[in-house]
Amino acid sequence: MGVSDDLLQAILEDLYEQGPCGYVSTRLDGTILRVNETLLRWIGAVRDDMIAVRRFQDILTVPGKLFYENQYFPLLRLQGSVQEVTFDLVRRGREPLPVLVNSLQRTDADGRPVLIAHAMFDATDRRAYEQELIRSRRSAEQLAAVVRMSSDAIVSMSAEGIVTTWNAAAERLFGYPAHGIVGRDLRTILAPAKEHALWQHIWAELRSARAVQLEMVGSCINGRTVEVSAGFTPHPDLLGNLGAVSVIMRDIAERRAVERLQQEFLEVTTHELRTPLTGIRANAQLMQRRGAYNERAVAAIISQADTLKRLTDDLLLASQIQADRLTLVPEQTDLVTAARAAVQSLGVDESVIRVEAPAEPLMVEVDQHRLGQVVTNLLTNAIKYSPEGGEITVRVAPHMEEARVSVVDHGVEISRDALPHLFDRFYRVSGGTGRVPGLGLGLYISWRIVEAHGGRIDVESTPGYGSTFTVALPMQRGSAG
Ligand code: ADP
């Protein structure tokens, strides 16, 4: 029996010393009375340096020590025990070890507290797990913020197609608030745009863990429809079955409008470029057939080549402006001289285009070439959109802090509806101006050039009278007539 008791004692002793927990018993002030092998091994200490020498709080990191003395110990005194609190143990030459501590206050025969017994478990895994949880929670929060702020409609639905989340952009796109659509079948408001892409097909793909991208038609709350491009992404559950589906939708009306605009642009440009080319070809053929030089044919070829050059120059300049690559070389310029030069460059005499200008120079700091282009554009338009022989006037004058140049014509009236769009890229008034050639770039280019000089262009159009385009540029100080 005695042997057996000894054996049992040895087993218990061994369990106490070597078991998977750290044990330490202390006096009320923390002085260590007993400590097991496991804990010594964890912290890399020897028993003799601990017993009666160090206190429990001394083997904790500083924040742990403060917490122990100010919170943990008073609580322990009050309750008699505290469970499952994490502390970090200071280890020699290594990172602190996170442990989960359970503490018990022991009393003597009279019920007076005398000892404290701490048992602790290695909490490394748990700590890593907690951190992982915090990390994934944070990234989930970030993701949720992205979804909230996204300009794309982002929706999630169950494997049965029932909407589970509906973001703000989806509210804007369809008009339905989240509470009006969550819990409903997405199919009630969304249909594939083309017959061949039926919902069955979409679900079959999603169940095979394949994403689907296609164009669809949505029904808005106000009864209108909206064309969207929709991307469906399947999310498998733990067993690999379809668990949920996220759908990202984007309004493609704008893209469609851009596509239409591009198509239109292509047609107009091709047409505009082809007209002078046809002329060049016809005149060259004429000379070829006759086998002789023809003054008029050559003049026509040159003029048509000039038209082609103007068109391509405008296209190039417009694309530079669009890409913010308009460069200016400003220099001191007399606006009066510049306006007269623009008139002369058109090869028409001053009886067709009258110039009204002060006798003295009106100085502005501008890129001469670019400003010349602006005045020429306005004059060309005045000629293009006026009946043959219509009177055109260029008026140069200072006005307050500005130097102004106006082009006044008595041509076709510009409708009220068209006025706000006149300076848009590729805008041309439909109808009225009939078959007058043009790309709708002249005013766009002119406006951007004037704007880059810190000035502006205004337009007035009066029925039965004509139009006046006025360029206003900031004037050089002291140059006002
Ligand atoms: P384009 O002349 O090549 O069409 P613009 O940008 O110069 O391009 O002009 C845009 C539109 O504005 C023209 O298509 C025309 O309808 C209108 N417009 C411009 N200038 C005048 C004008 N002086 N009188 C009447 N309409 C004009």
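The values are calculated or read from the model by the stated rules, or taken from the named source; none is laboratory data. Here the structure is a predicted model, which means the values were calculated and not measured. All Cβ positions, even for glycine, are placed from backbone atoms using ideal geometry, and neighbour counts span all protein chains on display. Accessible surface is based on the protein model in full, side chains and every heavy atom, while ligands, DNA and RNA are left aside. Shrake-Rupley method; radii C 1.70, N 1.55, O 1.52, S 1.80 Å.
A few remarks follow.
- Some residue of the range 161-180 being under 22 Å from THR233 (Cα atoms), open to solvent by 20 Å² or more (accessible area, probe 1.4 Å) and touching a Ser or Thr at 6+ places or on another chain (Cβ under 6 Å): yes
- Test for ARG435: is it near the ligand (Cβ under 10 Å from one of its atoms), of a type in the set (Lys, Arg) and open to solvent by 60 Å² or more (accessible area, probe 1.4 Å): no
- Failed item in (1) surrounded by fewer than 20 Cβ atoms within 10 Å (Cβ to Cβ); (2) farther than 19 Å from GLN344 by Cα; (3) among the β-branched types (Val, Ile, Thr); (4) more than 9 Å from the ligand (Cβ to nearest atom), with THR393 passing the rest: (2)
- Residue list for the range 342-367, restricted to those being more than 50 Å from the chain's Cα centre (by Cα), open to solvent by 80 Å² or more (accessible area, probe 1.4 Å) and modelled with pLDDT of 90 or more: ARG354, ALA359, GLU360
- No other residue among GLU37, GLU84, GLU69, GLU13 is open to solvent by less than 70 Å² (accessible area, probe 1.4 Å) and of a type in the set (D, E, K, R) apart from GLU37.
Yes/no matrix, rows are residues, columns are (1) basic (Lys, Arg); (2) farther than 26 Å from GLY111 by Cβ; (3) open to solvent by 40 Å² or more (accessible area, probe 1.4 Å):
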residue: SER4; (1), (2), (3): no, yes, yes
residue: PRO20; (1), (2), (3): no, yes, yes
residue: ARG27; (1), (2), (3): yes, no, yes
residue: PRO74; (1), (2), (3): no, no, yes
residue: GLN79; (1), (2), (3): no, no, yes
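- Single residue of THR376, THR380 found to be of a type in the set (S, T, N, Q) and surrounded by fewer than 17 Cβ atoms within 10 Å (Cβ to Cβ): THR380
- Residue within the range 396-419 that is of a type in the set (Gly, Ala, Ser) and away from the ligand (no atom under 13 Å from the Cβ) present: yes
- Index of the failed condition, ILE457 passing every other in (1) hydrophobic (A, V, I, L, M, F, W, C); (2) more than 7 Å from the ligand (Cβ to nearest atom); (3) not in a strand (DSSP E or B): (3)
- Unique residue being among the acidic types (Asp, Glu), in contact with a helix residue (DSSP H, G or I) (Cβ under 7 Å, 6 or more places away or on another chain) and open to solvent by 70 Å² or more (accessible area, probe 1.4 Å) when the list is GLU331, GLU388: GLU331
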